[in-house]
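Asker: Sending over a structure as structure tokens; questions will come in a sec.
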Amino acid sequence: MAIQGDEKVPFKSGFVSIIGQPNTGKSTLINRFVGKKVSIVTPKAQTTRNRILGIFHGDSAQIAFFDTPGICNPGRGLDRHMVNTALMTIADSDLVLVMVDSSIDSSGDEAIIKHIKPVSLPVFLVINKIDLIPKSKILALIALYKDRFPYKEIIPISALTGENCSDLLETMIRYIPIGPAYFSGDTATDQTERFAAAEILREKLMLFTRQEIPYVCAVFIDDMSLDTKSDIIRIMATIVVEKKSQKGIIIGNRGQMLKKIAQSARMDIEALLGKHIYMEIWVKVIENWRNNEHDLKQIGY
């Protein structure tokens, strides 16, 4: 129990699922609450493809956040995987946050409302990116969303600047149950170092390449091991694309693009793991992998 004044406050712990359309700021919010980068962030859709757990540790509460893929129209096999991953986290949650982007048209949120209608858990609406709109529009947005679904709370925030994020956190703590801490105080995520390395490399791919590449590429780590003699972590990674032309874009003229991607990824992985990294990267073409169930499983989806 935490102590406030002379009173003992019961410790609370719970799981919170954050769902929403692609690129609404779910990963940015979790990274803010966790206090470090546990989920990659880019300005492009489909950045998050798997369920990622980020853990907030407070004096009187611990919250494990599910960062989920954006819910979109599930066309390809990869799209269906991402939507199913997002929706499956709800069953493991004590609270659901539906995150919307205040700066764009809201018509696409109807699909998400359809999925949460059967949910018996408390559901909050988090209106994100209020730093991008005039303050006079916020009340109108709240009124608009209030008529669509009986949210327990509607809270406007900016995950980027931190505006109202502490209010959101305090409100969530009121709703989660009394319980023990499920994770040790130094645990920020449930993801492995191998998964984190692959995600960092994919983040750099998304940031440095042309518009089409982020949506056709996948990354997996073939081998990751510590060389005890040199104290260097050796990483062998594969980037998967669907066409030879895409492979050429990633490699670049005389390998310059791949070198740029690898250098940037290596710096972030070294910062994460606290050791020097040696990395080798191959680029492999697997045609139509995003719509092939066998390929999706082989790659890790």
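Read the figures in this text as sums done on the coordinates, not as results from a lab. Bear in mind that the values here come from a model prediction, so they are computed numbers and not experimental data. Cβ coordinates were reconstructed from backbone atoms using ideal geometry, including for glycine residues, and neighbour counts include every protein chain displayed.
Asker: Could you please rank 115, 294, placing first whichever residue has the fewest other Cβ atoms within 10 Å of its Cβ? Please report the intermediate quantities before stating the final value.
Answerer: On the way: 115 16, 294 9.
Going from sparsest to densest Cβ surroundings: 294, 115.
Asker: Please report the antiparallel percentage of DSSP beta bridges with both residues in region 194-247, rounded to the nearest 5.
Answerer: In region 194-247, DSSP labels about 100 percent of beta bridges as antiparallel.
Asker: Something else now. First measure r as the distance between the Cβ atoms of residue 105 and residue 245, then evaluate 1/(1 + (r/R0)^6) with R0 = 30 Å and state the FRET efficiency to the nearest 0.05. The partial results should precede the final answer.
Answerer: Numbers: r = 33 Å, r/R0 = 1.10.
Efficiency at R0 = 30 Å is approximately 0.35.
Asker: Packing-wise, with mean Cβ within 10 Å as the measure, how do 130-139, 196-205 rank, highest first?
Answerer: Those peptides, ordered most packed to least, come out 196-205, 130-139.
Asker: Could you check the simple spin-label distance between residue 227 and residue 9, using points 7 Å along Cα→Cβ, in nm with one decimal?
Answerer: Each label point is offset 7 Å from its Cα along the Cβ direction, giving 5.0 nm.
Asker: Enumerate the calculated ³J(HN,Hα) couplings along region 18-29 in order (Karplus 6.51 cos²θ - 1.76 cosθ + 1.60, θ = phi - 60°), each rounded to whole Hz, writing x wherever the residue is Gly or Pro.
Answerer: 10, 10, x, 5, x, 6, 8, x, 4, 5, 4, 5
Asker: Relative contact order, percent, of region 86-186 when contacts are C-alpha pairs under 8 Å separated by at least 6 residues?
Answerer: Details: 103 pairs, mean separation 27.9, N = 101.
Averaging sequence separation for qualifying contacts and normalising by length gives 28 percent for region 86-186.
Asker: If you don't mind, another one. Rounded to the nearest 0.05, what FRET efficiency do residue 236 and residue 161 give with R0 = 45 Å and r taken as the Cβ-Cβ distance? Could you check? Write out the running numbers ahead of the final one.
Answerer: Working: r = 39 Å, r/R0 = 0.87.
Once rounded, the FRET efficiency stands at 0.70.
Asker: For residue 137, list the lysines whose Cα falls under 20 Å from its own Cα; do not include residues on the same chain fewer than 8 positions away.
Answerer: Within reach: 129, 146.
Asker: Restricting to DSSP loop positions (anything but H, G, I, E, B) with no more than 16 other Cβ atoms inside 10 Å of their own Cβ, which trypsin sites (Lys or Arg not before Pro) remain in region 252-292? Write down the numbers at each step before the final one.
Answerer: Working: sites: 254, 259, 260, 266, 275, 284, 290; in loops: 275.
Those satisfying the criteria are 275.
Asker: Using θ = phi - 60° and the Karplus relation 6.51 cos²θ - 1.76 cosθ + 1.60, list the HN-Hα couplings for region 256-270 in order, rounded to whole Hz, with x at every Gly or Pro.
Answerer: Taking θ as phi minus 60°, the curve returns 5, 5, 4, 5, 5, 4, 5, 5, 5, 5, 4, 4, 5, 5, 4 Hz for region 256-270.
Asker: Shifting gears a bit: Between residue 259 and residue 174, how many nm apart are label points set 7 Å from Cα along the C-beta direction?
Answerer: Result: 5.7 nm between the two label points.
Asker: Could you calculate the FRET efficiency of residue 270 with residue 182 from 1/(1 + (r/R0)^6), where r is the beta carbon distance between them and R0 is 25 Å, rounded to 0.05? Display every interim value, and only then the final one.
Answerer: Numbers: r = 30 Å, r/R0 = 1.19.
FRET efficiency, residue 270 to residue 182: 0.25.
Asker: Then there is this: Provide the packing ranking of 144-154, 223-233, i.e. peptides ordered by the mean count of other C-beta atoms within 10 Å per residue, highest first.
Answerer: Working: 144-154: 13.8, 223-233: 11.9.
Output ranking for 144-154, 223-233: 144-154, 223-233.
Asker: Here's another thing I want to ask about it. Restricting to region 193-299, what percent of DSSP beta bridges are antiparallel, rounded to 5?
Answerer: Numbers: 9 of 19 bridges.
The antiparallel proportion sits near 45 percent.
Asker: Once phi is turned into θ = phi - 60°, what whole-Hz ³J(HN,Hα) does the Karplus curve with 6.51, -1.76 and 1.60 give for every residue of region 198-208, x standing for Gly and Pro?
Answerer: Taking θ as phi minus 60°, the curve returns 5, 5, 5, 5, 5, 4, 5, 4, 5, 7, 9 Hz for region 198-208.
Asker: Going down the list 26/114; 135/204; 204/243, which pairs span over 24 Å between their C-alpha atoms? Mind dumping the intermediate values first?
Answerer: Details: 26/114 19 Å; 135/204 34 Å; 204/243 19 Å.
135/204, as the Cα separations exceed 24 Å there.
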